[in-house]
Amino acid sequence: VQLQASGGGLVQAGNSLRLSCAASGRTFSSYALGWFRQAPGKEREFVTGISWSAGNTYYADSVKGRFTISRDNAKNTVYLQMNSLKPEDTAVYFCAAAPNSLQLRLGVQIHYWGQGTQVTVSS
């Protein structure tokens, strides 16, 4: 079972990036999926999550209005569209899967983690 994140890179402030996280080894259609990030010297923090049905989405205040999460259960993939990027968005981004949205948002009972993808935003 694996979560494979991709799409990170180096961009200038104000630009956009789209991250993808493809799951393999099992179906994740019943899981809440989301993204966390960890900046140098800081703890890992919740960024955004989406319920198994995609009916509910959740965002950290710092990214509301700029980031959009979506999922395609047929492709076993979750996406993160990041617009209007800021230097403070620089971090390693991890995708994650949890049994429900609350556990995902709290960062508890995370059953699966992706390997992380680096996002660097220059000023």
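Summary of computed values
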| quantity | calculated |
| --- | --- |
| Pick from segment 10-31, criterion part of a strand (DSSP E or B) and among the polar types (S, T, N, Q), ranking: nearest to the chain's Cα centre (by Cα) | 20 |
| Condition met for residue 63 (buried (at least 17 other Cβ atoms within 10 Å of the Cβ), under 14 Å from the mean Cα position of the chain (by Cα), in a loop (DSSP other than H, G, I, E, B) and modelled with pLDDT of 95 or more) | yes |
| Of all residues in segment 98-123 being in a strand (DSSP E or B), within 24 Å of residue 41 (Cα to Cα) and of a type outside the set (Val, Ile, Thr), the one that is least open to solvent (accessible area, probe 1.4 Å) | 114 |
| Matching option when the condition is over 12 Å from the mean Cα position of the chain (by Cα) and of a type outside the set (D, E, K, R), among 58, 112, 79 | 112 |
| Flag if residue 7 is surrounded by 14 or more Cβ atoms within 10 Å (Cβ to Cβ), touching a residue at least 60 places away in the same chain (Cβ under 8 Å) and at positive phi | yes |
| Residue satisfying all of: in segment 77-97; open to solvent by less than 40 Å² (accessible area, probe 1.4 Å) and of a type in the set (Ser, Thr, Tyr); farthest from residue 2 (Cα to Cα) among these | 90 |
| Residue check for residue 74: in a loop (DSSP other than H, G, I, E, B), open to solvent by less than 60 Å² (accessible area, probe 1.4 Å) and either modelled with pLDDT under 95 or not hydrophobic (A, V, I, L, M, F, W, C) (or both) | no |
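The values are calculated or read from the model by the stated rules, or taken from the named source; none is laboratory data. In this text the structure is predicted, and so the values were computed from the model without any measurement. Here Cβ is always computed from backbone atoms with ideal geometry, including for glycine, and neighbour counts include all displayed protein chains. Accessible surface is based on the protein model in full, side chains and every heavy atom, while ligands, DNA and RNA are left aside. Shrake-Rupley method; radii C 1.70, N 1.55, O 1.52, S 1.80 Å.
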